[in-house]
Amino acid sequence: MNNLTQRFKVTLLIMTVLICNPSKIRGEEGVSAYDFLNIPSSSFVMGSGGVNISSLHSDINLADQNPSLIGPENNMQLNVGYMLYFGVSNFAGARFAMATGEHGAWGAGVRYLNYGSFQGYDPEGFETGDFSVQDIIVEATYSHDITYSLRGGINVKFVYSGYEKYTALALAADLGLSYYDEFHDFSLGFVLKNMGGQIKRFEDKYDRLPFDIQIGITKGLSEQFSFSITADNLVRWKIPYYYHTNNEEGVMKSGGFLKNFFRHIVLGIEYDPIRSLYLTMGYNYKTMTDMDSYRRSLLSGFSIGAGFNIKAWSIGASYALPQRGASTLMVNLGIDINEFL
């Protein structure tokens, strides 16, 4: 194991300890035990900066970004995906969607997030053996056309977390709206994300879910290009980030006005040279600053993606390098079952 991978695993272990001991510092610093709920399951979204709630891209996995982004046009579609996260964690998922009437759609999905195996220690420092860290998300989505241009949706998530001997259950919901102006090739998204709370605690205190308000716009620049801007973390202005100093001391930092402003903004651009092929690139300034003390690279914050479809099949992939030696790769395979009926 190289030093970087070891450092990342130690970081995950520290996060696990904080989750199992919520009274330490989480309440003061605004850290949620369920931030994994914000990891996208779509390679298109990952390649567009990691957050996109307004794009009308044909991908049923957009339901975990904004539940109003699926509709009757997604009838009888299935998508499976896999992500190698930061080079050490393995995430997988599947989602199905179908129409209900002329103006509605429903979907269901499951996501499995495995962070690998860790060496456990008791309070005296003696090894207690390896343990696993994993999260499971089971989702149900429903959307309905409110008007010709406006659609609403809800995504309900049941969450199980198992960290060594500690387990917890949570229930969360996303409420989303999407508006599309066909004449100006403009779409707007609005989401209330991760509303809810824990049903079963890890220990004595309840942990918060990462409730968020998000607003996004996507504008077509030409027949081939479209541009997306998403503002997230709108429930708070300052977003502190963990900084690891040269003397190995960890401190929380919060920058000035401009740094905080751009930590709320995610940018994405899509290029469709032909109908069956797309290319994406995104930039997430928050990702870059979060990696500030963990050997970030010149590519930290940037992501790229590509995909194509042939008849009933669609394939998408995305890649990001948040820090040197720890890349993130995601692939999706979609099937239009209508083609086989």
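Computed over the alpha-carbon atoms, the chain gives an Rg to Rh ratio of 0.96, Rh here being the Kirkwood radius from the mean inverse distance.
What relative contact order, as a whole-number percentage, does segment 56-117 give when Cα pairs under 8 Å and 6 or more residues apart are counted?
On the way: 115 pairs, mean separation 18.7, N = 62.
Answer for segment 56-117 is 30 percent.
So how far apart, in nm, are the two label points at residue 169 and residue 90 if each is 7 Å from Cα heading toward Cβ? In this crude label model, residue 169 to residue 90 measures out at 2.7 nm. Loop-located chymotrypsin sites (Phe, Trp or Tyr not before Pro) in segment 79-127 (DSSP state other than H, G, I, E, B) with a sparse environment of at most 15 neighbouring Cβ atoms within 10 Å: 126. Taking every protein chain into account, the 1.4 Å probe leaves residue 138 with about 70 Å² of accessible area, to the nearest ten.
Between residue 269 and residue 160, what's the calculated FRET efficiency when r is the beta-carbon distance and R0 is 35 Å? Round to 0.05. About 0.45, to the nearest 0.05. On a per residue basis, the chain carries 49 Å² of accessible surface, using protein heavy atoms and a 1.4 Å probe.
Using only alpha carbon positions, build the gyration tensor of segment 53-101, then give the equivalent ellipsoid semi-axes as the square roots of 5 times its eigenvalues, largest first, whole angstrom.
On the way: eigenvalues 116, 32, 10 Å².
Gyration-tensor ellipsoid for segment 53-101: 24, 13, 7 Å.
Restricting attention to the chain, lysine pairs at least eight places apart or on different chains and with alpha-carbon atoms under 17 angstrom apart total 10. The gain in end-to-end length when the residue 329 to residue 185 segment is fully stretched comes to 48.8 nm, 0.36 nm per residue minus the alpha carbon separation.
Using the alpha-carbon atoms, what tilt in degrees (0 to 90, nearest 10) does helix 3-20 show relative to the longest principal axis of the chain? Helix 3-20 sits roughly 90 degrees off the main axis of the chain. Protection proxy ranking for 63-70, 283-290, 233-240, 140-147, using the average of other Cβ atoms within 10 Å per residue and placing the highest first: 63-70, 283-290, 140-147, 233-240. Hey, what number do you get for the chain at 222 nm if only DSSP H runs of n ≥ 4 count, each worth -39500 (n - 2.57), divided across all residues, to the nearest 500? That comes out to -3000 deg cm²/dmol.
Once you reduce segment 296-325 and segment 162-236 to the center of their Cα atoms, the two points are 21 Å from each other. Sorted from greatest to least, the principal axis extents spanned by the alpha carbons of segment 106-254 come out as 67, 40, 29 Å. Normalised by 2.2 N^0.38 Å, where N is the number of residues, the alpha-carbon radius of gyration of segment 178-224 equals 1.90.
The values are calculated or read from the model by the stated rules, or taken from the named source; none is laboratory data. The shown structure was predicted, so the numbers you read here are calculated from the model rather than taken from an experiment. With ideal geometry, Cβ positions are generated from the backbone for all residues, glycine too; neighbour counts draw on all protein chains shown. In case anyone asks, the SASA skips ligands and DNA or RNA and just uses the protein heavy atoms, side chains included. Shrake-Rupley method; radii C 1.70, N 1.55, O 1.52, S 1.80 Å.
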